[in-house]
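First the structure, in the form of structure tokens, and then the observations on it.
The values are calculated or read from the model by the stated rules, or taken from the named source; none is laboratory data. What you see is a predicted model, and the numbers here were worked out from it, not measured in a lab. Neighbour counts are summed over all protein chains in view; Cβ atoms, including those assigned to glycine, are modelled from backbone coordinates with ideal geometry.
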Amino acid sequence: MRDPIFKIVARIPRGRLATYGQVATLAGLDGHARQVGYALHNLPEGSTIPWHRVVNARGEISPRTTSDSHELQRLLLEAEGVEFDADGRVELECYRWNPRT
């Protein structure tokens with residue numbers, strides 16, 4: 001079930017974002033945003049899937065309790081030109097990926 005999630009996330013271009021819910025819908029798993037989070041959390045080491053381009057519906061990086069990957073995620077996004085406001089959010093209207101159907 002993770003394969004469709006990975007295929008969608010792999011398509012998100014540099015400097016663009018998708019939400020967990022958006023990825024779930026595009027992968028045919030509408031309403032299963034958490035499943036996207038679980039799949040991305042379990043990516044194999046060395047994977048080239050751009051996991052860092054997926055944020056929550058508020059445009060925030062979802063904090064992790066077991067690692068500092070949320071800090072890495074912000075650094076990777078900033079390196080791609082994504083800007084955060086003072087509250088740590090990105091403007092989804094500006095950065096949201098809009099795949100062509």
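Numbers at a glance
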item: Selection within region 27-46 - of a type in the set (Gly, Ala, Ser) and over 18 Å from residue 67 (Cα atoms); result: 27, 28, 31, 33
item: Helices (runs of 4 or more DSSP H) contained in the chain and holding at least 2 residues modelled with pLDDT under 95; result: 2-11, 33-41, 69-79
item: Test: residue in region 82-98 that is of a type in the set (A, V, I, L, M), surrounded by 14 or more Cβ atoms within 10 Å (Cβ to Cβ) and under 16 Å from residue 10 (Cα atoms); result: no
